[in-house]
Amino acid sequence: MDSIPRPRPCLTCVLGALACFAAVWASFAWLDLPFGELFAASALTDMGRFVGAFFPPDLSPAFLAKVASGTLETLAISAIGTVLAVVAAVFLALPAAGRFGLPARAGARLVLNFLRSVPELVWATLMVLLAGLGPFAGVLALALHTAGVLGRLFAEALENSPAEPEAALRELGAGPVSAFCYGVMPLVGAQWLAYALYRWEMNIRMAAILGFVGAGGLGTILYYELSLFHEARASTVIIAMLGLSVLVDTVSALFRRGRLAAQ
Amino acid sequence: MSVRSLRDPAALGRLGWSIVALVCLWPLLVIAQFRPGALFEAGNLDAMGHFLAGFWPPEVSGFFLQLLWTATLETLAMATAGIALALLLAVPLSLAVTRSLSAASLAGGRHSLVVSAVRAMLRLLLVVLRGVPELVWALVFVRVFGLGPAAGVLALGITYGGMLAKVFSEILESGDLRPARALMEAGSGRTGALLYGLLPGVSQELVSYTVYRWECAVRASVVMGFVGAGGLGQLMDQSMKMLNGGEAATILATFLVLVLGADALSAWLRRRLA
């Protein structure tokens with residue numbers, strides 16, 4: 001069986017794997033996690049008592065109504081935040097795609113990078129200062145971060161779309177606005193919509209936890225009930241979040257399958 | 001040609017849909033307490049103005065930078081340890097829930113009812129693991145393990161374990177099973193068939209997705225501190241509560257470097273893998 005040549009050892013693979021193991025080992029060593037105590041017998045009974053406190057969830061009608069209104073607020077925050085983000089993203093994507101010269105392009109890209117690098121939750125803490133506690137701060141936070149993400153994606157779509165239809169319209173005497181609306185929008189519109197819907201899906205999940213820093217929605221209720229040690233109520237809120245996430249997943253999967261079937 | 005025929009024939013429909021959208025949006029605006037006026041109220045503007053004015057100069061004292069460095073390392077370590085934990089959870093789970101890897105599928109026999117039931121239960125478990133946001137897990141775990149990175153690592157491990165398991169099983173499901181079947185027919189065991197028949201075809205995709213998730217984990221662990229789970233977020237939370245603009249500015253700059261750095265590293269690694 002000597003006829004089959006042995007594969008040559010891949011040095012990069014071995015080094016890469018070693019580097020990964022070293023990073024993981026260093027991380028656990030640096031964090032010094034108390035996992036040993038965690039799984040000791042006394043900790044396990046404590047843990048059992050803690051988990052037990054979450055069951056059964058509080059299903060009293062008054063609290064369920066509160067959770068339902070929190071869910072509605074979460075959906076509203078995500079929807080309005082995404083709509084605002086789309087508007088801002090369009091205005092930032094035009095210069096970022098190089099339509100107003102190179103300096104404007106660099107400037108717009110810098111703004112977009114900044115907007116999207118600051119996490120939603122950090123924007124939310126800043127917006128709570130600016131707009132006060134409540135869902136409006138959450139709307140602004142989602143809008144700012146999502147504008148950065150969508151602006152970059154929109155600009156890429158613009159740059160990748162063919163320039164001829166718009167140029168043809170301009171040569172026929174159309175104004176810049178109508179040339180854009182009828183020469184570019186039909187090409188990029190569907191893709192922009194797909195990006196926006198995808199971000200909306202992510203924003204629904206995010207809006208559920210923005211309340212931890214006081215920006216409205218389900219998170220506000222969860223944070224409040226947990227800090228009062230009302231575990232049964234917290235468990236209801238967590239189930240609502242899980243339900244929301246599963247619902248969004250299912251709807252988006254159905255929608256995607258429908259789109260694929262239509263194509 | 002009359003002026004009428006030059007009009008956009010679709011304009012009326014678009015106008016109609018825009019009005020319908022606005023009518024649907026209106027109650028949402030009310031629920032979300034959309035009041036742009038609040039931004040320009042004197043009290044709010046003052047608070048924000050003072051805070052922003054403090055942003056310059058950023059805090060660069062040696063003591064603070066020392067704190068910042070420790071917190072940054074803690075954030076990166078949390079993300080890496082979290083992903084390692086997630087992999088530990090995801091590998092067995094993904095192998096268990098992948099239908100096409102079951103003995104019955106590979107041997108071409110019938111699926112037993114018990115095995116299918118167990119698989120459905122595990123799938124349900126995955127939905128719960130990844131359906132609850134990592135920050136919620138962290139908030140709950142902080143109550144058990146106290147303030148610090150342990151809660152963050154466990155939260156990341158659980159949520160990302162669920163996500164990785166789902167995507168791994170999708171990748172395995174879409175892989176080419178013929179080499180594995182051929183190995184089994186030639187008498188190899190199931191483990192051998194998996195390692196030599198299926199994994200070589202899909203390993204790049206698996207590794208690439210794991211690297212992408214690590215990048216997401218860095219972003220997630222940056223904010224874990226807001227619920228007390230250690231890292232840069234905790235430092236940010238303290239500075240914000242004390243309205244210390246200089247410190248907030250330095251931490252924000254660190255966020256930018258960390259997020260963009262993880263972004264670039266992950267993009268480079270995935271390009272090399274592709």
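P(r) for chain B, please, calculated from all Cα pair distances in 10 Å bins and given in %.
Each 10 Å bin holds this share of Cα pairs: 6, 19, 21, 20, 17, 11, 6, 1.
Using a Förster radius of 30 Å, what is the FRET efficiency between B:Phe55 and A:Asp32 based on their Cβ-Cβ separation? Nearest 0.05, please.
On the way: r = 34 Å, r/R0 = 1.13.
Working from the Cβ atoms, E equals 0.30.
Using a 10 Å cut-off around each Cβ, can you sort B:Lys241, A:Lys66, B:Lys166 from fewest to most neighbouring Cβ atoms? Before the final figure, lay out the partial values.
Details: B:Lys241 9, A:Lys66 16, B:Lys166 19.
With the fewest neighbours first, B:Lys241, A:Lys66, B:Lys166 line up as B:Lys241, A:Lys66, B:Lys166.
If you count, for each residue, the other Cβ atoms within 10 Å and average over each peptide, how do A:75-87, B:57-69 line up from highest to lowest? Write out the running numbers ahead of the final one.
Details: A:75-87: 24.2, B:57-69: 13.1.
Going by the mean number of other Cβ atoms within 10 Å, highest first, we get A:75-87, B:57-69.
Can you tell me how much longer the chain between A:Ala68 and A:Ser227 gets when fully stretched, taken as 0.36 nm per residue apart minus their C-alpha distance, in nm with one decimal? List each step's numbers first, then the result.
On the way: separation 159, 0.36 × 159 = 57.24 nm, distance 2.04 nm.
Net length gain for the segment: 55.2 nm.
How big is the Kirkwood radius of the stretch B:196-248, worked out from every pair of different alpha carbons and given in Å to one decimal? Can you show the working numbers first?
On the way: mean 1/r = 0.0751 Å⁻¹.
Result for the stretch B:196-248 stands at 13.3 Å.
Can you give the Rg to Rh ratio of chain A, both from alpha-carbon atoms, with Rh computed by the Kirkwood formula? Working shown, then result.
Details: Rg = 25.1 Å, Rh = 22.5 Å.
Rounded to two decimals, Rg/Rh equals 1.11.
Take the alpha carbon gyration tensor of the stretch A:125-263, find the square roots of its eigenvalues, order them as a ≥ b ≥ c, and report rounded if a/c is under 1.5; if not, report prolate when a/b exceeds b/c, else oblate. Don't skip to the end; give the middle numbers.
Details: a/c = 4.82, a/b = 2.02, b/c = 2.38.
Oblate, since a/c reaches 1.5 and b/c is not below a/b.
Place a point 7 Å from Cα of A:Val177 in the direction of its Cβ. Which residues in the stretch A:185-202 have their backbone N less than 18 Å from it?
A:185-186
How big is the shadow of the Cα convex hull of the stretch B:3-53, averaged over all directions, in nm²? Could the numbers behind the result be given before it?
On the way: hull surface 27.0 nm².
Over every viewing direction, the Cα hull of the stretch B:3-53 projects on average to 6.7 nm².
Taking Cβ-Cβ under 4.7 Å as the only way to count a partner, pick out the unpartnered cysteines of chain A.
Lone cysteines by the Cβ rule: A:Cys20, A:Cys181.
Indicate the gyration tensor shape class of the stretch B:128-222 (rounded, prolate or oblate), computed on the Cα atoms with a ≥ b ≥ c the square roots of the eigenvalues: a/c under 1.5 is rounded; otherwise a/b larger than b/c is prolate and the rest oblate. Mind dumping the intermediate values first?
Numbers: a/c = 3.53, a/b = 2.76, b/c = 1.28.
Since a/c reaches 1.5 and a/b is larger than b/c, the shape of the stretch B:128-222 is classed as prolate.
Pop a pseudo-label 7 angstrom from the Cα along the beta-carbon direction at both B:Arg14 and B:Trp69 and give the gap in nm to one decimal.
Here the modelled spin labels are 5.8 nm apart.
Calculate the tail of P(r) for the protein assembly as shown: the fraction of all Cα-Cα distances greater than 43 Å, expressed in %. Show your work: numbers first, answer last.
Working: 36928 of 143916 pairs.
Cα-Cα pairs of the protein assembly as shown separated by over 43 Å account for 26 percent.
Every number in this text was worked out from the coordinates using simple rules, so none of it is lab data. Everything quoted here is computed from the prediction, not taken from an experiment. Methodologically, a virtual Cβ is constructed for each residue, glycine included, from the backbone with ideal geometry; neighbour enumeration extends over all protein chains shown.
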